[in-house]
Structures are given as structure tokens and as C-alpha cells.
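Here the structure comes first, spelled out in C-alpha cells, and everything after it is commentary.
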Amino acid sequence: MISKPKLGRLLPALRQAVTGHRLLFAAKTAVAAGLAWYLAPFMPGTAASYPYYAPLGVLVSMHPTVAASAKHGLQSLLGLASGIAMAFAVTTVTAPNVLAVAVVVGLGVVIGGLPRLGSASEWVPMAALFVLVLGYSNAQGFSFAYVLQMGMGVAVGFAVNWLVFPPLHLEGIDPAIDGHQRALSKQLRDMASAMTESWPPNHEEWASRSGELARTATAVRTAVQAARPLTPPRRSR
């Protein structure tokens, strides 16, 4: 039996999880993963033997905004290529062993710290480890299949996210702006009251409201970023 306090916390979480945008995003991800799995056996060469990497490519590329899908998909592929290149270098001098695994994982974590990799940094040591351990006997064929299937999955995920009901998160902008305006209005009223009082003023909240203003400003930037189109509008001449 779920208690009332737990139920009161659970219901808002469920409502947030089953919003229209979330359900549409889940449906698009499912369709893209199924399409990638269908296309995977048609990939050339040894890539057809590794179809499970195609849906994985979909998962790394599907994000709530089209711009984020393109960014994270490309970053993931860059991380894969970096990890595979490092694994190739290690496999030329040693077989998979304790030292080799430690080296590729350690170097992968270091390389993953490059700023341009962003959230895809974990793919560097993961790809290197897969190539070293799973594809050592056929590192070239495995790496080709890995990159090709992941790349196809990323492309499918991006295409579905862009072409099928492209996400427009415009409804979040107005509430964010309203919240920031309320915080600014309250701040200005308190500052005006403080100017007419003896020093130190009784209204001291205005001096400690920087955190609230920063949070509301961040909310506005986040909402605008989520609603931003993939390509910027052209400037009028």
C-alpha cells in the first residue's frame, strides 16, 4: 500500500514522464531503432554480422531537440573513431591482457576529457575496449562494422527526429520569461523601497536574491536553447 506522501511525490513524476512530448519522443525513438535494426543486415561486408550496433547508434543520437541530436551523434562518432584508433595502436604491440586493458581504458578516459567530445567522452574508452577485447582477432573488420553500423544508426535517428514531427519546445519559453520578469519586478520594487529607507534598509531581500535571478535567467536560456532550430535563420539584407 503506497502512503499518501509517497503517492503525492509519485503522481507529479508520472505526469512529467508521460507528457505528450515525452510520449512522442519515445515513439520516434522506437520507430528509429526498429528501422535501424531492419537496415542493419543490408550493410556491406562484415558490418552485416553486427546489427545490434545500429539501434545503439539511434539511442546515442536521439535527443529532445534536433540540434542536440546532430551534436551528440557527431560527438559520439568522433569518440568512437578516437577509441578505435587508440585500440589499433595498442593491438599492434600486444594481445588483450591486464596491462593492455588498463592502458586503453586509462588513455580513453584521458582522451575523453577533450572539450569537443562533450557528453560522448565515455565512448572513447568503451570503443577502445570493445575493439581490443571483442575484435582483437579481426580488429579491422570489427572496427569497420562498429563504425558503419553506429553511423547508420546515428543517421537514422537524426533523420527520424528531424523529419517526423520535429520537436518545437516553444511552450516552455513564455513561462520561463514570466518567471524571470516576476523575479526582476520584485527585485526592483525592493530596491526602490530600500532607497527611501534609512540605512541600513529594512528590505534586505534584494541584496540576497542573486541566486533566484540567476536561476530564472538560466531557465530562459534553457527554454530558448531547446526551441532553437537546427539552422539559424538567414539575415535579411
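Summary table below
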{"item": "Matching helices (runs of 4 or more DSSP H) fully within the range 63-172 where at least 2 residues are out of contact with any Ser or Thr (no Cβ under 9 Å at 6 or more places or on another chain) and farther than 28 Å from Trp37 by Cβ", "result": "66-91, 98-111"}
{"item": "Selection count where residues are open to solvent by 40 Å² or more (accessible area, probe 1.4 Å) and either closer than 30 Å to Lys28 by Cβ or among the polar types (S, T, N, Q) (or both), scope the range 75-93", "result": "4"}
{"item": "Per-region count, the range 50-74, residues open to solvent by 20 Å² or more (accessible area, probe 1.4 Å) and touching a Leu at 6+ places or on another chain (Cβ under 6 Å)", "result": "1"}
{"item": "Number of the condition not met by Ser143 [criteria: (1) under 26 Å from the mean Cα position of the chain (by Cα); (2) modelled with pLDDT under 75; (3) among the hydroxyl-bearing types (Ser, Thr, Tyr)]", "result": "(2)"}
{"item": "Filtered residue count, the range 33-49, keeping only those that are more than 12 Å from Val156 (Cβ to Cβ), small (Gly, Ala, Ser) and open to solvent by less than 60 Å² (accessible area, probe 1.4 Å)", "result": "2"}
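The values are calculated or read from the model by the stated rules, or taken from the named source; none is laboratory data. Note that this is a predicted model, so its numbers are computed, not measured. Please note: Cβ atoms are built from the backbone with ideal geometry, for glycine as well, and neighbour counts cover all protein chains shown. Just the protein is used for accessible areas: all its heavy atoms, side chains included, with ligands, DNA and RNA removed. Shrake-Rupley method; radii C 1.70, N 1.55, O 1.52, S 1.80 Å.
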